[in-house]
Amino acid sequence: MLAVSSPEPLPGRQHASTLRWPGNEKVMIRFENVSIAYDRKSKPALDNVSLDVQRGEFVFLVGSSGSGKSTLLRLVLREYKTPHGQVYVAGQNVANVPSWRVPKFRRGIGVVFQDFRLIQTKTVFANVAYAMQVLGKSRAAIRAEVPRVLELVGLEDKGHRKPTELSGGEQQRVAIARAIVNQPGILLADEPTGNLDPTTSAGIMEILDKINQNGTTVVMATHDDDIVNSMRKRVIELRHGKVVRDEVKAQYTSMMPIIPAAGEAAAVEPSEKNDAEPQTRRQRIVSATQASDAAEEESMPPRLERRRGQLPADDAAPAQKIDGLKNMNEDQK
């Protein structure tokens, strides 16, 4: 049975919390050979994934849509069990958490998903406050903290509104505010800045970075290369459900060779395996043009080469003989 201890307050923040599980494990998230498919006919959403996330790490999950990022986050949250492999959160096998204990298991985990998951009958203020209420925070703490985080996400004047009165981007901001209001021990974020403007996104990332610096483990799925490149955290790249890259202090696009997923190796030429991460569209066009010019010059007939002033060595001798005969005739005259 999973027992969650009372959250420890962070220095200077009496109402902030850090999630603790038994044993105070250094590895907060561990996947051991995890595979899962949504049905028998579909390809695996995750395919034999193994990874560790240390306590206090900030990890970006990158990859194209359908690569398995959201599935990985949902397994950590214990939204469903994996049929193959094991998922551990702070040393606890989540498969052993009974269904009736799952809500308490999730209390110390901040979550932001793309579908918002707001309580439609509650106001914006009440949605954010609810995350503090379930942890037993005082009314005074709620009155002080909720307005602060609403201001940070740009919704300070919409606390009385219902989710149905907000745009999709505004609803996502409410979800972010609710996820960070308790400074949880683990923060799972699935595209938390996807619907935010660059200025607000930068502010949200500053908040997440501060939470991480206070010891919170952050795992964030994103397509925002600017955020990843500017923060230089650990980057795990997924492709077709497999981990193909795991780098620290990394950028969104790696300069290291990509590990081919299973079944792809035969389709990739040896030279392609050693290439760096895919180039930009302009770089690909320039490279293709240069390669085409080089191939054209290699196959160019001697006559065309002479026109361009590139006379082959084999043709130089006959030309010199002709010039010599012309000089002899002129001398005889």
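Computed from the coordinates by the stated procedures, all read-outs in this text should not be read as laboratory data. Please read all numbers here as calculations on a predicted model, not as lab measurements. Quick reminder, even Gly has a Cβ in these numbers, built from the backbone with ideal geometry, and neighbours come from all protein chains shown.
Worth pointing out:
- Taking the range 105-143 and a reference point 7 angstrom along Cα→Cβ of Thr164, the backbone N atoms nearer than 19 Å belong to 116-128.
- Listed pairs Lys81/Lys242; Lys104/Lys249; Lys26/Lys249; Lys69/Lys233; Lys69/Lys249 exceeding 23 Å between Cα atoms: Lys104/Lys249
- Protection proxy ranking of 71-81, 168-178 - average other beta-carbon atoms within 10 Å, highest first: 168-178, 71-81
- Peptides 106-119, 233-246 ordered by average Cβ neighbours within 10 Å, highest first: 233-246, 106-119
- In terms of its alpha-carbon gyration tensor, the range 102-209 comes out rounded; the largest-to-smallest axis ratio a/c stays below the 1.5 threshold.
- Summary of packing: across the peptides 122-131, 195-204, the per-residue average of other C-beta atoms within 10 Å ranks them, highest first, as 122-131, 195-204.
- Rounded to 5, percent antiparallel among DSSP beta bridges of the range 8-271: 55
- Extending 7 Å from the Cα toward the beta-carbon at both Asp39 and Gln54 defines two label points whose distance is 4.3 nm.
- With a Förster radius of 35 Å applied to the C-beta separation of Asp197 and Asn96, the computed FRET efficiency comes to 0.25.
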